[in-house]
Amino acid sequence: MSDAVPPTDFDVDAVLADPAHPVVLFSLSWCSFCRSAKQLLGQLQISYVDHELDRGRFLEPALQRSVRGRLEELTGSNTLPQLFIGGEAIGGYTDTASALRSGRLAAVLTRHGIPFHPV
């Protein structure tokens, strides 16, 4: 029997505040909307950090519940993907695609000094 503490030390707020990685995506490896969000970010040539919540350390149920719970508090949504730019919640794939069409995504990227290449 191990006395190890479950790995619940992932701090969503610290990840979102990290200036070295201003574009953060929370996703699932099998999710078609998540794949579409990754594809959209790739087409725009936006560098991002992806936290797939069904792999690696996130397989620990307590950690996954903690991260998903915090994301829901921040976004009001319990679905994935969830995209953040400069700590600002953009939303899921549909929200992100809509933000791209409306020009909001470009404005947020520009405001945070994040280079991108329009499609």
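Read the figures in this text as sums done on the coordinates, not as results from a lab. Note that the structure is a prediction, hence the values are computed from the model and not measured. So basically every Cβ, Gly included, is an ideal-geometry build from the backbone, and we count neighbours across all protein chains shown.
Overview of results
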{"item": "Condition check for residue 59: crowded, with 17+ Cβ neighbours inside 10 Å and farther than 25 Å from residue 114 by Cα", "result": "no"}
{"item": "Test: residue 9 is in contact with a strand residue (DSSP E or B) (Cβ under 7 Å, 6 or more places away or on another chain) and of a type in the set (Asp, Glu)", "result": "no"}
{"item": "Qualifying residues in the range 80-107 (those that are touching a Gly at 6+ places or on another chain (Cβ under 9 Å) and surrounded by 19 or more Cβ atoms within 10 Å (Cβ to Cβ)) - the one farthest from residue 68 (Cα to Cα)", "result": "99"}
{"item": "Matching entry among 72, 60, 52 (being among the acidic types (Asp, Glu) and free of Cβ contacts under 8 Å to residues at least 12 places away in the same chain)", "result": "72"}
{"item": "Which listed residue is within 21 Å of residue 115 (Cα to Cα) and not basic (Lys, Arg), from 76, 91", "result": "91"}
{"item": "Pairs with Cβ under 9 Å, 6+ apart, first in the range 23-38 and closer than 7 Å to residue 81 by Cβ and touching a residue at least 60 places away in the same chain (Cβ under 8 Å), second assigned to a loop (DSSP other than H, G, I, E, B) and charged (D, E, K, R)", "result": "none"}
{"item": "Where a residue in the range 87-100 is in contact (Cβ under 8 Å) with a residue 24 or more places away in the chain and its partner, wherever it lies, is in a strand (DSSP E or B), with Cβ under 6 Å and at least six apart", "result": "96/83; 96/90"}
